[in-house]
Amino acid sequence: MKIGFSQISITSPVPTLMGGSVARRVAKSIHDELFAKAMVVADDGDTKAAIVGCDVLSLKRRTVEKAREIIQKNCGINKGVLIAATHDHAGPLTTCIFSQTPDETYLNILAHKIAEAVCSANQNLVEGKIAIGAGKEERATFNRRFVMIDGTTTTQPNPEDERIVKPEGPKDAQVGIIYAEKQGVPLGAIVNYSSHPVCVGWLPEKDHAISADYPGYIARTIEKKLRRGFITVFLNGPCGNLNPSDHAKRNDLESYQFAENRGMMIGTEVLRVIKKMKMSSKNSIRTISRIISLPLREISDEELNEAKQIAEKIEIVEDLLHGQFTPTFKDNLKATLTSIRGNKIYAREILELDRERKNNPFISAEVQAIKIGDGVIIGIPAELFTEFGLQIKKNSPFRYTFIAELSNGCVGYVPTREAFGTGPLSYGTRTARSSKLAPEVGDMFVETALELLKRLK
């Protein structure tokens, strides 16, 4: 078989809006480069596949479609192109969320850069061998949702909160690896792991900087040990409810050192597994995908009425701030105002979603599967809760099943049905453009993924 790798810088100019936060954040410097990293594989027949990992928060569907058009035109790969976001929270804004809008010029450049990475990897095709395997790293991912003493669930609670009972759900610590080499010389690898890249990006305003977060450190850890120029394509797994720090203990503070620590943990496990892998030059490739229609979440009259009233509340409190009151009373008013402003952001999201739902109560999503030898990559365009990924892996007919969330677009969070009943204000389930799908959507993704796996087998 033939294998090729390439990476192209997709670092945005600064200053730039950053993705992944309700609050507006601006990156004013660049700590480390962002990349679109591609692997192209071709079997002994005519089948080719391309897998791309991009150091951004998420990808618009039209960005993916534009990149695919260029790829087909410039290097002839018209099927089996999977383009995923690493879900980097220290990268540029790439989607419309919480009243923030991305730079369309950058999105256009991004599509061309992704295509350039794939076509370059295609030009780099050489006869080689692949090995597929998996390890485990328990210390770099934790469930970030916790059941509280009153039965509700809180995302990322204060570790000193005495109401914490236990994590709401499981985690997936599998490290998936597809490793390639030519005549014993390391070429590159795909690494799959499930954890939010939120080690950096939340530092004080003066320190906001572009960074690839822990996936960047995974790549550097492996490259330092194997060979200069070794390319690691990182695919994030279902991590909608997973973080790199344990919020029950929370002794890891956001920093580049923290990102490096997590990247080194995962990268070291990759290196350990690679040593035991058996290489093969006979790996058939098959690709399949399906577009499914997903129902948007229903919005109740109560939610709509509350959203409309919030704007009036904020005006009343802002007027009170101009009155003659004690400093303590004013501090309380400011705290109330901060809370209302946060609610106002979500109110706007609900009103926007209501208009969207009236126009079309469904949204399309692509589920994709790429088989390489005895392993398969499943691409799903959502922030899946980890329970769905574990379910797909458990029922997959393949020896190795790796799930790449936020592939080929983004339809937002997909929580479990149970998560919807644990509190209306819990992040991930709270209605917004980042979480707008009906409770049954997760089951739909699992069912579709397993159907595609069955067909591939």
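The values are calculated or read from the model by the stated rules, or taken from the named source; none is laboratory data. Everything numeric in this text was worked out from a predicted model, so none of it was measured. Cβ: placed from backbone, ideal geometry, glycine included. Neighbour counts: every protein chain shown.
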For this session: Give the residue, chosen from V41, V126, V81, that is among the β-branched types (V, I, T), crowded, with 18+ Cβ neighbours inside 10 Å, assigned by TED's automatic domain parsing to the domain that holds G20 and over 20 Å from the mean Cα position of the chain (by Cα).
Result: V41
Problem set entry | Single unsatisfied condition, N395 versus (1) in contact with a Gly (Cβ under 8 Å, 6 or more places away or on another chain); (2) under 26 Å from I177 (Cα atoms) | (1)
Problem set entry | Output for region 238-288, where each listed residue is out of contact with any helix residue (DSSP H, G or I) (no Cβ under 8 Å at 6 or more places or on another chain), of a type in the set (D, E, K, R) and surrounded by fewer than 21 Cβ atoms within 10 Å (Cβ to Cβ) | D246, K249, R250, E254, R272, K275, K276, K278, K282
Problem set entry | Conditions (1) at negative phi; (2) over 22 Å from the mean Cα position of the chain (by Cα); number of the one not met by G229 | (1)
Problem set entry | Selection from region 235-278 of residues that are hydroxyl-bearing (S, T, Y), at pLDDT below 95 and assigned to a helix (DSSP H, G or I) | Y256
Seminar exercise, completed: Checked E366, E387 against criteria (within 16 Å of the chain's Cα centre (by Cα) and part of a strand (DSSP E or B)); the one match is E366
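So that you can scan it fast, the table gives a plain yes or no per residue for (1) out of contact with any strand residue (DSSP E or B) (no Cβ under 9 Å at 6 or more places or on another chain); (2) among the acidic types (D, E):
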| position | (1), (2) |
| --- | --- |
| E33 | no, yes |
| A67 | no, no |
| N74 | yes, no |
| K79 | no, no |
| G91 | no, no |
